[in-house]
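Trainee: After the structure tokens below, expect a handful of questions from me.
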Amino acid sequence: MTSCWSLLAFGIVIMVLMISPYPANGLTCDETAGILNPCQDFSVGNGPPTPSASCCGAVKELVSKVRSRQVRRDLCECMKQIILAFHIDVGKLQYIIPQYCKVTIPVPLDPNADCSKASLF
């Protein structure tokens with residue numbers, strides 16, 4: 001029953017993110033959330049203790065699309081929405097995924113981040 005409610009909540013969040021004004025490199029927040037979908041179970045604490053290979057691939061795909069300051073800022077705002085909407089364990093995003101997947105995430109992963117200060121590189 002819990003997984004049913006989780007799927008329903010996921011669908012509602014995707015609908016909300018679809019109307020988000022923050023595109024991430026031409027991607028809307030719902031597209032960004034879709035790319036990161038393989039990380040959902042791990043990020044909210046319902047999955048394995050480490051991110052899956054598909055999660056790592058998704059994060060690397062998203063990171064490869066970040067090529068400008070504006071894209072960083074937009075992605076930062078989008079990630080804030082995703083973190084809050086899915087009740088994501090920020091520590092897993094900030095520390096475990098980058099370390100395990102061997103990737104540097106170019107935006108602050110904090111729901112309280114000031115995205116206007118996201119640097120160019």
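The values are calculated or read from the model by the stated rules, or taken from the named source; none is laboratory data. Remember, it's a predicted structure, so these values are computed and weren't measured experimentally. Here Cβ is always computed from backbone atoms with ideal geometry, including for glycine, and neighbour counts include all displayed protein chains. Surface areas here come from the heavy atoms of the whole protein model, side chains and all, with no ligands, DNA or RNA. Shrake-Rupley method; radii C 1.70, N 1.55, O 1.52, S 1.80 Å.
Trainee: So which trypsin sites (Lys or Arg not before Pro) in segment 62-121 pass both tests, a DSSP loop state and at most 10 other Cβ atoms within 10 Å of the Cβ? Provide the component values of the computation, followed by the final result.
Mentor: Details: sites: Lys65, Arg67, Arg69, Arg72, Arg73, Lys80, Lys92, Lys102, Lys117; in loops: Lys65, Arg67, Lys102.
Those satisfying the criteria are Lys102.
Trainee: Using only Cα atoms, what Kirkwood radius does segment 55-101 have, in angstroms?
Mentor: On the way: mean 1/r = 0.0872 Å⁻¹.
After inverting the mean inverse Cα-Cα distance, the result is 11.5 Å.
Trainee: How far apart, in nm, are the 7 Å Cα→Cβ label points at Gln70 and Gln99?
Mentor: Roughly 3.7 nm, to one decimal.
Trainee: For Asn46 paired with Val63, estimate the spin-label separation in nm (one decimal), with each label point 7 Å from Cα along the Cα-to-Cβ line.
Mentor: 2.6
Trainee: Heavy atoms of the protein only, probe of 1.4 Å, neighbouring chains included. What is the accessible area of Ser52 in Å², nearest 10?
Mentor: 40
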